[in-house]
1. Rounded to the nearest 10 degrees, what's the angle between the helix 96-107 long axis and the longest principal axis of the chain, both from Cα atoms, 0 to 90?
2. Taking a threshold of 26 Å on the Cα-Cα distance, which of the pairs Lys15/Lys46; Lys46/Lys155; Lys41/Lys155 fall above it?
3. Select from Pro135, Leu179, Gly115 the residue farthest towards the positive end of the dipole of the chain; place +1 on Cβ of Lys and Arg, -1 on Cβ of Asp and Glu, and compute about the Cα centre.
4. Counting only C-alpha contacts under 8 Å and six or more residues apart, can you give the relative contact order of the chain as a whole percent?
5. Is the range 1-84 best put as rounded, prolate or oblate by its Cα gyration tensor, with a ≥ b ≥ c the root eigenvalues, rounded for a/c under 1.5, and otherwise prolate when a/b is larger than b/c, oblate when not?
6. Per residue, how many Å² of accessible area does the chain show with a 1.4 Å probe?
7. Please give the net charge around Ser42, taking every other residue with its beta carbon less than 12 angstrom from that of Ser42, where Lys and Arg add +1 and Asp and Glu add -1.
8. Leaving out ligands, DNA and RNA, and with a 1.4 Å probe, what % of the accessible surface on the chain is carbon or sulfur?
Amino acid sequence: MIRFDHVSKRYPGGKEALTNVNFELDQSEMVFLTGHSGAGKSTLMKLIIMMERPSQGQVFVQGVNLNRLGRRHIPDIRRNVGVVFQNHQLLFDRSVFDNVALPLTISGYQPREIGRRVRAALSKVGLADKEKHYPVTLSGGEQQRVGIARAVVNKPPLLLADEPTGNLDPGLSEEIMNLFQQFNQVGVAVMIASHDLVLVKAMGHRQIILSGGRLET
């Protein structure tokens, strides 16, 4: 599903965010990306969705070498990757339904299909009764669930989550992690960046550990 082959990323000014990173994420696998703040976790995820390009090495997603893709192919890659952010990035002037529908609307789906997929995604995250609500009326945990529904509404084979429980209490954090596990159990590959090592250990999945931009072995 994902392969990093001797990948390094150096930002303008000389900051080395990643150094000679090698790893693979198998289809239908769930892994946790851990490490201290500034270890390179967010940079690694940005390379997968082509928000950044590697300075050296090659990144493969579903067998495609991202280094060989031009700008016009970036939307094609991103359509196959659901992304969940720590701060939700919801549109507060739109309803829950419209927030979740956004990727489908951009992709040109017909209204009937949009309605079917949005309601299915909201049902999966336990928010079937909230589609007409606005994000400001929801709790932090519910807002994160809306973000997850939006990430999976396209039925992507790969789901990335960058500190998805960073602002949640332990009980809600466990609920959100269990949601990711449910998606993984139906065949979605999942990578979660998290600093909550107690919760990560309890989940029992493989860890990819970064320290100073390098993989710990």
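1. On a 0 to 90 degree scale, this one is about 60.
2. Flagged as over cut-off: nothing, all pairs pass.
3. Result: Gly115, furthest along the dipole toward the positive end.
4. Computed over the chain, the figure is 31 percent.
5. Oblate is the answer for the range 1-84, as a/c is 1.5 or above yet b/c matches or exceeds a/b.
6. Here the per-residue accessible area is 50 Å².
7. Here the charged neighbours net out to 0.
8. That fraction is 48 percent.
The values are calculated or read from the model by the stated rules, or taken from the named source; none is laboratory data. Because the structure is a prediction, the values reported are computed rather than measured. Don't worry about glycine lacking a Cβ; one is built from the backbone with ideal geometry, like all the others, and counts go over all protein chains shown. What goes into the accessible areas is simple: the full protein's heavy atoms, side chains included, and nothing from ligands, DNA or RNA. Shrake-Rupley method; radii C 1.70, N 1.55, O 1.52, S 1.80 Å.
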